[in-house]
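The values are calculated or read from the model by the stated rules, or taken from the named source; none is laboratory data. This is a predicted model, so every value here is computed, not measured. Ideal geometry is used to build each Cβ from the backbone, glycine not excepted, and the neighbour counts take in all protein chains shown. Ligands, DNA and RNA are excluded from the accessible area calculation, which covers all protein heavy atoms including side chains. Shrake-Rupley method; radii C 1.70, N 1.55, O 1.52, S 1.80 Å.
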Amino acid sequence: MLNIVIFGAPGSGKGTQSELIIKEYGVSHISTGDVLRAEIKGDTELGRVAKDYIEKGQLVPDELIIDMLAKVLDTQKNKKGVIFDGFPRTIPQAKALKKMLNERGTDVSILLDLQVEESILIHRLLERGKISGRSDDNLETIQSRLNVYHTQTAPLAQFYIEEGKHVAIDGGNGSIEDIFKRVEAAINKVIG
Ligand code: AMP
């Protein structure tokens, strides 16, 4: 199975590159942010709890996210693999993902770390905010999300470097297609 973690700061292009990867490799997409937004829309218990965290730009607690992911993973029937978008975001989540995949006889194949300069991230998120309708695409929440990324999520790169799974991708220069070419080269290298 090809299990890809797409990693990077908010606005680094995880969603955009995920769409292209899905088209090319036929893997399924799990975006924890999308799942949470659907829970909020459905006004579920999880959605009501998650809403406050999301609007403040903070992370939803690990136990809730890990439980939610396990449930989504159990519904996956695609044998080709999965792209994890926005998960893991903390070390406990990364360890939980490894355990869940190992229990299912598989593992993370590669982590693609989309690296983008901060000024470009802010610009992209503010532009997206004009059309996305997302409650967290405003300057105050963007700054808090970037801060959370640097303090809680970026250190995860080291975990995957030690696992031999980490690949850095320039996600700031060139067109979406140029960036996808780098992504594709990295994936093709691991699938051989
Ligand atoms: P995203 O769509 O990935 O940018 O996620 C939007 C928001 O959902 C984040 O700012 C968090 O509040 C929450 N969220 C999404 N994924 C996770 C996760 N893996 N762990 C904790 N919170 C998450």
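Rounded to the nearest Å, what's the spacing between the alpha carbon centres of region 137-191 and region 89-125? Just the number, please. Here the answer is 8 Å between Cα centres. Computed on protein heavy atoms with a 1.4 Å probe, the accessible areas place TYR25, TYR160 in the order TYR25, TYR160, largest first. The solvent-accessible area of HIS123, taken with every protein chain present and a 1.4 Å probe, is close to 110 Å².
Taking every DSSP helix (H) stretch of at least 4 residues in the chain, weighting each as -39,500 (n - 2.57) and dividing the sum by the residue count yields a mean residue ellipticity at 222 nm of -17500 deg cm²/dmol.
Counting Cα-Cα pairs of region 1-101 in 10 Å increments starting at 0 gives whole-percent bin shares of 14, 48, 34, 4. Rolling a 1.4 Å probe over the heavy atoms of the protein chains gives region 137-192 an accessible area of 56 Å² per residue. Beyond 20 Å in Cα-Cα separation lie the following of the pairs LYS80/LYS165; LYS80/LYS189; LYS14/LYS99; LYS99/LYS189: LYS14/LYS99; LYS99/LYS189. For the chain, the direction-averaged projected area of the alpha-carbon convex hull comes to 10.3 nm².
Charge tally for LYS189 (other residues, Cβ to Cβ under 14 Å; Lys, Arg +1; Asp, Glu -1): +2.
Share of carbon and sulfur in the accessible area of the chain stands at 52%, probe radius 1.4 Å.
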